[in-house]
Amino acid sequence: MTTQETYKLANELTNKEVNNIVTGWENVNEKESLKTFNSLVSLGDSRELACATVIAKKYKSKDNAEFYRNAYTN
């Protein structure tokens, strides 16, 4: 996912979607995702951009099959 795609995703995310994603991270105990998200928000990123950045980071670090498997089974 490129930087441009990350910003596009951030612009498309609603506040409700961000809340659902963050709640999902809390429910499955994804401490690293929550830590990164909270750090980015505290540094001044919008919640939408911080969420998109974490998603992009996870997308880059996993192969696509594992990424989608995790997205739809959690």
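The values are calculated or read from the model by the stated rules, or taken from the named source; none is laboratory data. Keep in mind that this is a model prediction, so the values were computed, not measured. Ideal geometry is used to build each Cβ from the backbone, glycine not excepted, and the neighbour counts take in all protein chains shown. Ligands, DNA and RNA are stripped out before the accessible areas are found, and what is left, the full protein with its side chains, is counted by its heavy atoms. Shrake-Rupley method; radii C 1.70, N 1.55, O 1.52, S 1.80 Å.
Odds and ends about this structure:
- Residues in segment 24-38 that are outside any helix (DSSP H, G or I) and over 16 Å from TYR59 (Cα atoms): 2 in all.
- Scanning segment 1-23 for residues that are over 10 Å from THR53 (Cα atoms), in a helix (DSSP H, G or I), open to solvent by less than 40 Å² (accessible area, probe 1.4 Å) and in contact with an Asp or Glu (Cβ under 8 Å, 6 or more places away or on another chain) gives a single hit, VAL18.
- Those residues of segment 42-74 which are outside any helix (DSSP H, G or I), at pLDDT 95 or above and either surrounded by 12 or more Cβ atoms within 10 Å (Cβ to Cβ) or not hydrophobic (A, V, I, L, M, F, W, C) (or both), in sequence order: GLY44, ASP45, SER46
- Here is the figure for segment 25-41: residues that are farther than 17 Å from ALA10 by Cα and either open to solvent by 30 Å² or more (accessible area, probe 1.4 Å) or touching a Cys at 6+ places or on another chain (Cβ under 7 Å) (or both) total 8.
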